[in-house]
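Down below is the structure, laid out as structure tokens.
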Amino acid sequence: MESDEVKPPRVPLSQRPEWSDVTPVPQDDGPSPVVPIAYKEEFVETMDYFRAVYLADERSARALRLTAEVINLNAGNYTVWHFRRSILDALDADLNDELDFIENIARSNSKNYQIWHHRRWVAEKLGTDSARKELAFTKKIFSIDAKHYHAWSHRQWVLLALGGWEDELGYCQQLLEEDVFNNSAWNQRFFVITKSPLLGGLEAMRESEVSYTVEAILTYPENESPWRYLRGLYKGDTQSWVNDPQVSSVCLKVLNATNNCMFALSTLLDLLCHGLLPSQEFNDAVDALKPSGPDQPDSDLGKKVCSILEHIDPIRANYWKWRKSKLPSAT
Amino acid sequence: MRQEQIKNPTLHFSRDMGEIVTEKHVQYIFSVEKRKDDFISVAMEYLRMNGAYWGLTTLDLLGKLDAVDADEVVSWIMKCQHESGGFGGNIGHDPHILYTLSAVQVFALFNKLNVLDVEKVTNYIAGLQNEDGSFSGDEWGEVDTRFSYIAICCLSILHHLNKINVEKAVSYIVSCKNLDGGFGCTPGGESHAGQIFCCVGALAITGSLHHIDKDLLGWWLCERQVKAGGLNGRPEKLPDVCYSWWVLSSLIMIDRVHWISKEKLVKFILDCQDTENGGISDRPDDAVDVYHTFFGVAGLSLLEYPGLKAIDPAYALPVDVINRIFFG
């Protein structure tokens with residue numbers, strides 16, 4: 001919460017001449033607080049003065065400054081944010097300054113719904129001109145935390161409401177180069193290829209996206225996201241997913257490497273359940289993975305895959321047992 | 001409408017898992033930390049209504065709600081209500097759907113729902129539904145599937161779901177479904193266990209679970225369990241005790257909880273306890289707070305840890321409270 005700058009010592013509000021006409025209003029907690037909470041003195045005084053202007057509905061410049069002081073002490077206080085918006089409206093304030101204010105607060109408080117909602121309110125008022133700034137702001141947040149849920153939600157809203165799609169696919173690419181495990185970036189990638197007015201839509205993008213995803217899988221086969229993304233590319237068209245040689249081939253490659261096979265095995269299982277006719281290579285690859293032991297030999301490939309999964313992913317053994325029970329009967 | 005809790009006869013609670021330090025948690029919740037430089041207590045003021053719900057429900061699950069003066073709580077909550085019918089996070093705070101649900105839930109705990117002006121509260125919530133079926137948090141218009149759940153849960157408890165357009169509410173939630181089977185905060189938003197709980201809970205309460213691919217979502221949810229036994233909220237994120245609620249209750253509502261290792265999860269939650277001072281933290285050895293204490297205890301209840309009251313996975317209130325509301 002503390003910033004890195006050296007701040008001048010705080011002058012209590014009771015000693016500031018501009019506030020001499022205001023009587024602070026103490027909090028009414030009731031006789032024995034239900035969830036008893038201890039307070040800092042600075043916080044108490046600032047809140048007492050805030051309560052005074054809030055109850056008087058004073059929408060002035062000094063009230064605006066006071067809301068900033070409260071927010072700096074406690075950025076989660078949503079009532080203060082509401083009141084700040086009322087003041088900004090009443091004063092017809094320059095909302096570009098407000099963007100700077102929010103950015104400063106976000107430095108130490110970014111995991112906070114109020115900040116993001118306030119930012120959206122400001123951006124909406126500023127209109128499409130603010131698109132570039134909003135994309136830049138969220139980028140800054142991502143440079144610290146590339147999976148920041150609020151920031152991604154905000155960025156999606158910006159693109160849909162204000163535009164700015166031009167560089168979005170490229171940005172997803174960049175993020176995935178930095179961390180191919182970033183599920184948020186994969187989600188955004190899907191968002192872009194399905195919703196961007198500048199691209200051709202899912203089916204048009206499918207071929208290039210499949211190639212991209214296959215490469216990502218081969219670098220880290222234990223990465224959950226690209227496997228799910230690959231499946232997602234065939235939304236509404238499972239048969240194409242089953243029949244695409246790139247899909248079965250990436251499974252086979254990973255299986256043959258014998259390391260980090262979990263998602264390759266589960267994908268193969270899904271393919272088999274949707275009618276894939278496996279070649280001998282698949283049988284050989286899976287046989288090579290079978291745990292040695294006194295287990296009964298399963299001639300059915302699907303059963304073999306489930307047995308291996310139970311063995312290498314024991315925490316989800318019940319799930320893999322259930323998958324085995326649901327296999328289409330061997331012909 | 002609500003499912004029986006799934007019984008797993010093979011789950012044994014052994015000493016190796018650790019033990020719940022019930023008395024310490026009770027003391028923690030009642031305790032007053034008078035240290036003035038405690039930032040956490042300063043930050044909690046505006047969401048005291050949520051804090052009350054977390055603390056009081058935990059006490060009820062631990063069988064200690066009797067120690068609280070219900071009338072005092074009720075009178076404080078009533079001071080938080082506005083003309084609009086909504087409740088604020090504390091006295092002097094603006095109304096918001098978040099705190100309105102917590103207020104109603106606390107009333108339910110104390111069997112004081114009859115004290116409420118149900119018309120007023122339900123009108124406030126119904127007024128927050130948008131054209132597309134979504135819900136705003138308050139007059140300022142923030143939209144999130146969390147608010148869909150809150151509206152539906154609250155109106156259901158107050159027997160007034162008929163005040164909203166349930167069909168549109170459901171179709172908005174369904175529009176937030178992703179290809180991995182999960183749900184985000186808005187259409188296209190990344191699947192996240194917290195949002196999934198909200199969407200699944202709302203669909204459960206409105207009898208709309210058929211919109212969910214339970215096998216697909218069940219797999220996504222059980223993939224949240226990491227080797228050490230805890231649950232995360234999204235792929236490649238760290239486990240956190242609060243997901244013991246969001247993920248677990250979701251799995252129970254779609255009848256797939258047997259797909260995770262319950263034993264390992266119990267052990268993880270117990271490891272997150274501060275066995276000296278009470279309270280539960282997000283992960284072992286971190287600082288405790290009331291939020292994680294509630295979700296840890298609630299998670300243990302869902303896992304049928306002995307000595308805890310059963311909790312309803314959709315309403316997040318003790319089952320006996322829900323029975324009283326719907327069958328009492």
Check: List, please: which pairs have Cβ atoms under 7 Å, are six or more places apart or on different chains, and start with a residue in segment A:207-221 that is over 15 Å from A:Phe181 (Cβ atoms) and end with one that is in a helix (DSSP H, G or I)?
Finding: A:Glu209/A:Ile193; A:Val210/A:Leu230; A:Val210/A:Gln246; A:Val214/A:Gln246; A:Val214/A:Val250
Check: If we scan segment B:199-210, do we find a residue that is within 12 Å of chain A (Cβ to nearest Cβ), part of a loop (DSSP other than H, G, I, E, B) and of a type in the set (Gly, Ala, Ser)?
Finding: no
Notebook entry, point to check: Which of the residues spanning segment B:93-126 are of a type outside the set (Lys, Arg), in a helix (DSSP H, G or I) and surrounded by fewer than 20 Cβ atoms within 10 Å (Cβ to Cβ)?
Noted result: B:Leu113, B:Asn114, B:Val115, B:Val118, B:Glu119, B:Asn123, B:Ala126
Checklist line | Matching helices (runs of 4 or more DSSP H) fully within segment B:231-328 where at least 3 residues are farther than 22 Å from B:Val26 by Cα | finding: B:243-253, B:262-271, B:319-327
Next item on the list: Find the helices (runs of 4 or more DSSP H) located wholly in segment A:215-269 whose residues include 1 or more that are small (Gly, Ala, Ser), touching a Pro at 6+ places or on another chain (Cβ under 8 Å) and more than 22 Å from A:Lys304 (Cβ to Cβ), and list them.
Entry: A:224-232
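Could you check segment A:53-83 and list, in sequence order, the residues that are in a helix (DSSP H, G or I) and within 11 Å of chain B (Cβ to nearest Cβ)?
Applying the first criterion (in a helix (DSSP H, G or I)) to segment A:53-83 yields A:53-55, A:61-73, A:78-83.
Across segment A:53-83, the qualifying residues are A:Tyr54, A:Leu55, A:Val70, A:Leu73, A:Tyr78, A:Thr79, A:Val80, A:Trp81, A:His82, A:Phe83.
Tell me, yes or no, whether segment B:278-288 has at least one residue that is more than 10 Å from chain A (Cβ to nearest Cβ) and under 27 Å from B:Tyr172 (Cβ atoms).
The initial filter retains those residues of segment B:278-288 that are more than 10 Å from chain A (Cβ to nearest Cβ), namely B:278-288.
Still in the list and also under 27 Å from B:Tyr172 (Cβ atoms): none.
Looking for residues that are more than 10 Å from chain A (Cβ to nearest Cβ) and under 27 Å from B:Tyr172 (Cβ atoms), one finds none in segment B:278-288, hence no.
Suppose we filter segment B:77-92 for residues that are within 12 Å of another protein chain (Cβ to nearest Cβ) and either surrounded by 24 or more Cβ atoms within 10 Å (Cβ to Cβ) or over 26 Å from B:Asp312 (Cα atoms) (or both); how many remain?
In the first step, residues of segment B:77-92 are kept if they are within 12 Å of another protein chain (Cβ to nearest Cβ); the result is B:77-80, B:82, B:88-92.
Those left that are additionally either surrounded by 24 or more Cβ atoms within 10 Å (Cβ to Cβ) or over 26 Å from B:Asp312 (Cα atoms) (or both): B:77, B:79-80, B:82, B:88-92.
So the answer is 9.
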Margin query: Considering only residues that are part of a helix (DSSP H, G or I) and either of a type in the set (A, V, I, L, M, F, W, C) or in contact (Cβ under 8 Å) with a residue 40 or more places away in the chain (or both), which ones fall in segment A:270-283?
Written below: A:Leu271, A:Leu272, A:Cys273, A:Phe282
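Just the residues that are of a type in the set (A, V, I, L, M, F, W, C), part of a loop (DSSP other than H, G, I, E, B) and at pLDDT 95 or above, please, taken from segment B:127-160. It would help to see each step written out before you state the result.
From segment B:127-160, those of a type in the set (A, V, I, L, M, F, W, C) are B:128, B:135, B:140, B:143, B:147, B:150-155, B:157-158; that's our starting set.
Checking the rest, the ones that are also part of a loop (DSSP other than H, G, I, E, B) come to B:128, B:140, B:158.
B:Leu128, B:Leu158 - these are the residues of segment B:127-160 that are of a type in the set (A, V, I, L, M, F, W, C), part of a loop (DSSP other than H, G, I, E, B) and at pLDDT 95 or above.
Kindly state which helices (runs of 4 or more DSSP H) lie completely within segment A:116-187 and contain at least 2 residues that are touching a Leu at 6+ places or on another chain (Cβ under 9 Å) and not hydrophobic (A, V, I, L, M, F, W, C).
Working: elements: A:131-144, A:149-162, A:168-178.
So the answer is A:131-144, A:168-178.
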Margin query: Considering only residues that are modelled with pLDDT of 95 or more and not in a helix (DSSP H, G or I), which ones fall in segment B:65-88?
Written below: B:Lys79, B:Cys80, B:Gln81, B:His82, B:Glu83, B:Ser84, B:Gly85, B:Gly86, B:Phe87, B:Gly88
Check: Of everything in segment A:165-206 that's at pLDDT 95 or above and acidic (Asp, Glu), which residue is surrounded by the most Cβ atoms within 10 Å (Cβ to Cβ)?
Finding: A:Glu168
Notebook entry, point to check: Which numbered condition trips up A:Leu198, out of (1) over 30 Å from A:His311 (Cβ atoms); (2) within 12 Å of another protein chain (Cβ to nearest Cβ)?
Noted result: (2)
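The values are calculated or read from the model by the stated rules, or taken from the named source; none is laboratory data. Keep in mind that what you see is a predicted model, and the values were worked out from it rather than measured. Here the Cβ is made from the backbone with ideal geometry for all residues, glycine too, and neighbour counts use every protein chain on show.
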